[in-house]
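Working notes, beginning with the structure itself.
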Amino acid sequence: MPSSGSEPRYAWVMLVIGTVLVALNLGVLSSLSVFLKPISQEFGWPRGATALAYTIGAVTIGIAGVLWGRLADRYGTRPVVLVGAIAQPTALVLLAGISSLPQFYAAYVVLAALGVAAVNVPTIANVGLWFHRHQGTALGVLSAGGPLGQILVAFVAGHVIVSYGWRAAYLTLAVIYAVGSIPLAFMIRTPPVLAGAQVPGAVARASHPLLPAPLVVAWLSLATVFCCATMSVPIVHTVAMLTDRGMPYTDAVRVFLVIMGAGVFGRVLLGRITDHLGGLHSYFWTSLLQTVLLFWFLRVESMPVLYALSALFGIGYSGVMTAVWVCIRELVEPKVVAMSLAVVVMFAWFGMGLGGWHGGHAYDRTGSYTRPYLDAVGAGAVNLVIVGALIRRVSRARTLPVAQPAG
């Protein structure tokens, strides 16, 4: 067995680079939660129409991510991520100058297609290939970059919005992204396994897959649509929902930050747990946690209880995505891991977009957030049924005799 020092030294540098890039990358899209009400109030837009920008961005990221994944396989990760690092601050400047819904949507398309999509899957796939003994832990730390970025971006944007307005907040984020992302993109290197180097422990756990890769991808893709539709409702609408209930805006933002802060811890924790429990079972239990807790969001009035509920929900929802990444690494053969990840992530973004839009649409139709949150719980239940069925399918495959090669 290779020693703990068998990971290439630059693997840990790449983990830091990737974590910062993922933090900035995912933080910018979810920051719509703190921009949603100020922008919709200034222009008089319905919240469903405003939240549709999140849906457009999420769907665009999913589709474009497959293309960027293929380009990264062909030309390397560095040039692809560099495109995204330049596009992100450019799109944020465009958002600061919008004056109509079509402009708002167009800026989100630029942000999603050329920015977030170019950074997301290529970075995850690259960092994952640097690690062989500690894949779960590494992917957990990398995954933690998402909620960490959501905390920092929401914190900065929320304070700038209160003091100077939402346009100044977008410009501030543009400067942060330009200074942070572009230099890091130049530091990305090709993993040794893709460069042809022999690395101890480089044989993946899925060398003899239990199920065909297309079948695994299909199951996980369907599950993540419903799973992400569940989590995106509180991610996009928590601040608006709480302020509608009379909570001051800054307090509502703090509750959102508690969700994201717990998410940082949850992703690292689940990274460690998946090394022992396995990706699929970790996915099921974290999905169950987020679904049950979401049911109580509209029923809690006490601030201490609401903070505790938000923290537990953050651990549950964030651990889900770490578990999904590990599922792919465990169940899919190495040569198709990158494309499999891109496809599953695409459907996950479809689910995020669907939930974010439906939350606003259902609110506009009912004048209340009760229906959106109950629908999100229903989507979570469907996800649990699908994951449970996949667990049974994999368990049956493990009981079958393994075919021995001829000769």
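Coordinate-derived values only; no laboratory data. Worth saying up front: this structure is predicted, and the values here are computed from it rather than measured. For neighbour counting, all protein chains shown are included, and Cβ atoms are generated from backbone atoms with ideal geometry for every residue, glycine included.
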- Task: Return the tail of the calculated pair distribution for region 88-142, meaning the percent of Cα-Cα pairs more than 17 Å apart.
- Result: 51 percent
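Suppose the chain between Ser163 and Arg299 were pulled fully straight at 0.36 nm per residue; how much longer would it get relative to their current alpha carbon spacing?
45.8 nm
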- Assuming R0 = 25 Å, what is the FRET efficiency of Ala381 and Arg272, from their Cβ-Cβ distance, to the nearest 0.05? 0.35
- Query: By how many degrees, between 0 and 90 and to the nearest 10, does the Cα long axis of helix 213-244 differ from the longest principal axis of the chain?
  - Reply: 20 degrees
- Between region 48-82 and region 250-297, how many Å separate their Cα centres? 24 Å
- Residue-wise HN-Hα coupling along region 108-115, computed from phi with Karplus coefficients 6.51, -1.76, 1.60 (Hz; x: Gly, Pro): 5, 5, 4, 4, 6, 6, 9, x
- If you plug each phi of region 26-41 into the Karplus form 6.51 cos²θ - 1.76 cosθ + 1.60 with θ = phi - 60°, what whole-Hz ³J(HN,Hα) values come out, in order, with x for Gly and Pro? 7, x, 5, 6, 6, 5, 4, 4, 8, 8, 4, 6, x, 5, 5, 6
- Task: Pick out, from Leu171, Ala87, Ala157, the residue whose Cα sits farthest towards the positive end of the charge dipole of the chain, with +1 on the Cβ of Lys and Arg and -1 on the Cβ of Asp and Glu.
- Result: Ala87
- If you plug each phi of region 365-373 into the Karplus form 6.51 cos²θ - 1.76 cosθ + 1.60 with θ = phi - 60°, what whole-Hz ³J(HN,Hα) values come out, in order, with x for Gly and Pro? 7, 10, x, 8, 8, 5, 4, x, 6
- Message: Quick check on the chain: helices-only [θ] at 222 nm, where DSSP H runs of length 4 and up contribute -39,500 (n - 2.57) each and the sum goes over total residues. Nearest 500, please.
- Response: -28000 deg cm²/dmol
- Return one number: the angle in degrees, 0 to 90 and rounded to the nearest 10, between the long axis of the Cα atoms of helix 279-295 and the longest principal axis of the Cα atoms of the chain. 20 degrees
- Note on the structure: Per its Cα gyration tensor (rounded if a/c is under 1.5, else prolate when a/b beats b/c, else oblate), region 294-383 is best filed as oblate
- Item | Relative contact order [Cα under 8 Å, 6+ residues apart], the chain, whole percent | 26 percent
- Degrees between helix 77-96 axis and first principal axis of the chain (Cα, 0 to 90, nearest 10): 10 degrees
- Message: With just the Cα atoms defining each centre, how far is region 322-372 from region 150-165? Give it in Å.
- Response: 26 Å
